[in-house]
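Okay, so here's the structure we're looking at.
The values are calculated or read from the model by the stated rules, or taken from the named source; none is laboratory data. Because the structure is a prediction, the values reported are computed rather than measured. Every residue, glycine among them, receives a Cβ derived from its backbone with ideal geometry; neighbour counts consider all protein chains shown. What goes into the accessible areas is simple: the full protein's heavy atoms, side chains included, and nothing from ligands, DNA or RNA. Shrake-Rupley method; radii C 1.70, N 1.55, O 1.52, S 1.80 Å.
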Amino acid sequence: MSGSLARPTTPADPPEQDERLLHRSTLRRLLGRPELGAVVGAVAVFVFFSVVADSFLQLSSLSTVLYASSTIGIMAVPVALLMIGGEFDLSTGVAVTTSALVSSMFSYQMTANVWVGVGVSLLTSLAIGFFNGVVLVRMGLPSFIITLATFLMLTGMNLGFTKLISGKVSTKTIGDMEGFESARKVFASQHTIGDVNIKVTIVWWLALVALATWILLRTRAGNWVFAAGGNAHAARAVGVPVARTKIALYMGTGFGAWMLGQHLLFSFDTVQSGEGVGNELLYIIAAVIGGCLMTGGYGSAIGAAVGALIFGMTNKGIVYAQWDADWFKYFLGAMLLLATLLNAWVRKRAEASK
Amino acid sequence: MSEREQQPQGPDEGAPANPAPRPASTGASAATGAEAPLVELSDVSKYYGNVKALEGVSLEVRAGEISCVLGDNGAGKSTLIKIISGLHQHDAGTFRIDVQTARLGSPREALDRGIATVYQDLAVVPLMPVWRNFFLGSEPTKGRGPLRRLDTATMRETTRTELRRMGIDLRDVDQPIGTISGGERQCVAIARAVYFGAKVLVLDEPTAALGVKQSGVVLKYVAAARDAGLGVVLITHNPHHAYLVGDRFVLLKRGAMAGSHAKAEITLDELTRQMAGGSELEELSHELARASTPTPRPGRPTAE
Ligand SMILES: Nc1ncnc2c1ncn2[C@@H]1O[C@H](COP(=O)(O)OP(=O)(O)OP(=O)(O)O)[C@@H](O)[C@H]1O
Ligand SMILES: [Mg+2]
């Protein structure tokens, strides 16, 4: 062993070429962003529908697209965080319905102010997330199995309890109850800015993205999320509270489900108890399109938001292009495949360019 | 989460980037002979159900010294260090840290008592940047309340300077740690332990997957950590590596102690011989000599 402690990899550049190094690493950092693939995809989808659908570029269409995106995006963000933390949640779609049902029925049955129902619903949603998280951490079973079980149980309970309590498959209207108007303002209002209608969910969505990005990149908890998903053993060995982090992530999806559930309730007064089945996959798809790695440890909230935006543009773009809505699923599948391939390629390049 | 104050206790003289043969003057290492060991295991046993993984093993770790644990696969080396690092608890015998008897419930507890472990394969989170890995689990923050946030500038800068101090000049601390070489990864893990003020550094086969040159680099950092006054436990299969840096050697065989020697008492040849099983090795060489004309395995039809 000579005295040379230089990097064992061939030091191609002499030290004085720091500028070039800096430059290259900035480029690589950009390439290494998890959301890059999603952004490229979103631009492509946007250009595509701008060309094939005349009305796609109108401001009113834009707000419709953003609204559709926000109803997926509000859940896609916490689902993305969970995925970065290395876990899945298949119960999110029906958990949204559960949240709306609990809020509606509690308010109606107890003839209390709707805000009481909203609060009870929040606790219930967080409790469902807590349950998923604790069972996962305690049993060490794959989250796929655990949340599949929760999904089935919630689906059954949604239908069963609703029939038992209101005798029908939907809840009674709570539109005339105390607090309904103020709750509607918070969860389902819209504001007109110029000619554009902005639904409040869009604001909620963007706020969630900002909050999630802050947590992920700028807090200790965010560091633990990446570590828990990237290598749970290593994380535990250096003192990261992996179990607590995962439970908190499940409670995060509970929070998202609560928010979206309240939006549905206060937009329509009533809730269909069978709704929500299948939506969990849309949230996961948005997160994956947004660059979240299925195996955990990699991804971003912004990416998931862009994934949701692609979803909204495709969903509404097909309508504006006056195609059969059945094509939507095809597009979604194609997007998923392309985005995943692109993400994999980008990541490989980013990691290979040492 | 216990908020450990980020009080970097880097090596006071700065670990020399190029640690020469240990300077006997480094306060800590010279005076330790009489001092009590930092960690002491005596007659420790560990059972996995009915598997005896360890039986009556003793080991002591002193400041400024490297204690090597040698043994074959399955000898119980990893089990031994898992007790020290808080992943497992011993079933019999005594485990002392700073003279007090101890029983560690979690890796966090071990860390809080100054014992840092570098595991062979679970030391890092590959997709995370080097600087995030460096501070994982002990991230410094600034600001208060909801604005409390990672001090990313300090984290990046500290990572860079600490690594440079150990002689690793990474081009970019933002690259995923999975993309740097295995030896560099071990060194990052060691630098992290030293930076966070570990008193005892436990290394599980840090050179097992490395080439000759990279092993040398890692061994230098191990020596640098020792010179900084840490007590080191080095686990290895390789008696040559052990003899290069070790001060005392504990040999394990099938969970039991097969020997315990100070460096002065044993030569490299003797160590190698004992490790390979002494007389067993001689027997093996006879067997190999005899078996130079391959005999077909019984019970299996030979080709052709
Ligand atoms: N969790 C466990 N449950 C049951 N038996 C175990 C467990 N961990 C280890 N063992 C057994 O204990 C013995 C010692 O294992 P250990 O991992 O400590 O060996 P080692 O010396 O580190 O080997 P290697 O050089 O291959 O790493 C082995 O026989 C192993 O099969
Ligand atoms: Mg081992």
Can you give the accessible area of A:Leu122 in Å² (nearest 10), computed on protein heavy atoms with a 1.4 Å probe? 50
Cα long-axis angle, helix A:220-230 against chain A (0 to 90 degrees, to the nearest 10): 80
At a 1.4 Å probe radius, which order do B:Arg185, A:Arg244, A:Arg33 fall into by accessible area, largest first? A:Arg244, A:Arg33, B:Arg185
Report, largest value first, the span of the C-alpha coordinates of the stretch A:59-346 along each principal axis, in whole Å. 55, 46, 33
Set the Förster radius R0 to 45 Å, insert the Cβ-Cβ distance between B:Asp269 and B:Tyr47 as r into 1/(1 + (r/R0)^6), and round the FRET efficiency to 0.05. 0.80
The correct ranking of B:Arg164, A:Arg220 by accessible area at 1.4 Å, largest first, is B:Arg164, A:Arg220
Any idea how far apart B:Ala92 and B:Glu35 come out in nm if each label point goes 7 Å out from Cα toward Cβ? 3.3
What angle, in degrees between 0 and 90 and rounded to the nearest 10, separates the Cα long axis of helix A:143-166 from the longest principal axis of the Cα atoms of chain A? 10
Find how much the distance from A:Leu338 to A:Ala243 grows on full extension, using 0.36 nm per residue of separation minus their present alpha carbon separation; answer in nm with one decimal. 30.8 nm
Using the beta-carbon distance between A:Thr270 and A:His233 and R0 = 45 Å, what value does 1/(1 + (r/R0)^6) give for FRET efficiency, to the nearest 0.05? 0.40
Mean Cα-pair separation over length for chain A, i.e. relative contact order, pairs under 8 Å, 6 or more apart, %: 35
Extension gain from A:Lys185 to A:Ser55, taking 0.36 nm per residue of separation minus the Cα-Cα distance: 43.9 nm
Would you calculate a helix-derived [θ] at 222 nm for chain A, using -39,500 (n - 2.57) for each DSSP H run of n ≥ 4 and dividing by the full residue count, to the nearest 500? -24500 deg cm²/dmol
In the structure shown, of B:Lys220/B:Lys253; A:Lys185/A:Lys316; B:Lys46/B:Lys253; B:Lys52/B:Lys77; B:Lys213/B:Lys263, the pairs separated by more than 19 angstrom at the C-alpha atoms are B:Lys220/B:Lys253; A:Lys185/A:Lys316; B:Lys213/B:Lys263
Helix axis angle, A:301-320 relative to chain A longest principal axis, alpha carbon, degrees: 60
Could you sort A:Tyr67, A:Tyr283 by their accessible area in this structure, using a 1.4 Å probe and putting the largest first? A:Tyr67, A:Tyr283
Heavy atoms of A:Lys163: accessible area, 1.4 Å probe, square angstrom to 10: 120
D (µm²/s, integer) via Stokes-Einstein for the stretch B:37-266, Kirkwood Rh across alpha-carbon pairs, 37 °C, 0.692 mPa s: value 181
Between A:Thr192 and B:Ala289, what is the label-point separation in nm under the 7 Å Cα-to-beta-carbon projection? 10.2
